[in-house]
Amino acid sequence: MRQRALSAAIFVPPLLIVLALGEPWFGALIAVFVALGAWETARLLRGAGYAVVPAVAILGAVAVAADVASISQLRPYADLAVAAALVVAAFAVFLESDVKAGFAAWMATAFAAVYVGMLGALVRLGEVAPPLAGTAPLAQLGAQRGWILLAILLVWSFDTGAYCLGIALGKRKFLSHISPSKSYWGLWGGVVASTAVAVAGLWALGQPPILGFVLGPVIGIVAQAGDLAESMLKRAAGAKDSGRLIPGHGGILDRVDSFIFAAPIAAIFVTALVR
């Protein structure tokens, strides 16, 4: 717990400061996270037996993130950058004498780029968010900052609720072949916490609080799936953490894995249901 608290003290304030500054600083921070996460993913895939091309995976992940973010200035070029990354990944493995190994390396490199690049949806969430009503309690925060902050709090609240209730009552495990620490009580604790935050957060953003009973559980469960997906990758690689960058939390990928899955779903929710 001491290591977790130290990690939070180091990691959370800069993130909130950059979010308060807005664009382009927040997008730049996400690009750094994507690049570091892609490098860690390539490292894990190599540990799992796939001959990934790390440099191409990193460049491809940044290109995918830019495409997913759909920032207006990048729209004419982002799609082409993704296509170029896939082409370069193919060229990078043509010299592999074992065709099957070369094909696996190409697919693994493309996977690393697409997987981590989905984190760009956190920027996309701010792009698609409609203006907040003047009567909304957080109207002065702005739609972009408000919705991104809510998405961050939803994932963090799920993680906190799952950890606390899981430690207290979590004897019955689920999907223990992927992550032995996950329990049903932890899952329910996380869903309750994320739902409570969703109801309060939507009210603060001037939206119907009742939608929180949809947004909270969906983001909570998807965030859990993102954590399990990274756990599966680490288990395949025989690694405990994705890296050692953050004390008590491993690497960047260990901290953003839930957001990789949750951010696109949050953007879809805002696009489909928020007016």
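Does V88 count as in contact with a helix residue (DSSP H, G or I) (Cβ under 9 Å, 6 or more places away or on another chain) and buried (at least 24 other Cβ atoms within 10 Å of the Cβ)? Against the criterion (in contact with a helix residue (DSSP H, G or I) (Cβ under 9 Å, 6 or more places away or on another chain) and buried (at least 24 other Cβ atoms within 10 Å of the Cβ)), V88 does not qualify. Could you check, for the stretch 67-83, whether at least one of its residues is surrounded by 15 or more Cβ atoms within 10 Å (Cβ to Cβ), part of a helix (DSSP H, G or I) and in contact (Cβ under 8 Å) with a residue 60 or more places away in the chain? Yes - at least one qualifying residue is present in the stretch 67-83. Picking from residues in the stretch 118-155 that are β-branched (V, I, T) and buried (at least 17 other Cβ atoms within 10 Å of the Cβ), the one that is nearest to F261 (Cα to Cα) is V155.
A quick yes/no check of all residues on (1) over 30 Å from I17 (Cβ atoms); (2) at pLDDT 90 or above; (3) touching a helix residue (DSSP H, G or I) at 6+ places or on another chain (Cβ under 8 Å):
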position	(1), (2), (3)
A92	yes, no, yes
K100	yes, yes, no
A112	no, yes, yes
L119	no, yes, yes
T135	no, no, no
F158	no, yes, yes
G189	no, yes, yes
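With respect to Y115, is the statement that it is crowded, with 18+ Cβ neighbours inside 10 Å, aromatic (F, W, Y) and more than 20 Å from P217 (Cα to Cα) true? The answer is yes for Y115.
The values are calculated or read from the model by the stated rules, or taken from the named source; none is laboratory data. Keep in mind it's a predicted model, so treat the numbers as computed, not measured. Counting neighbours? That spans all protein chains shown, and the Cβs are built from the backbone with ideal geometry, glycine included.
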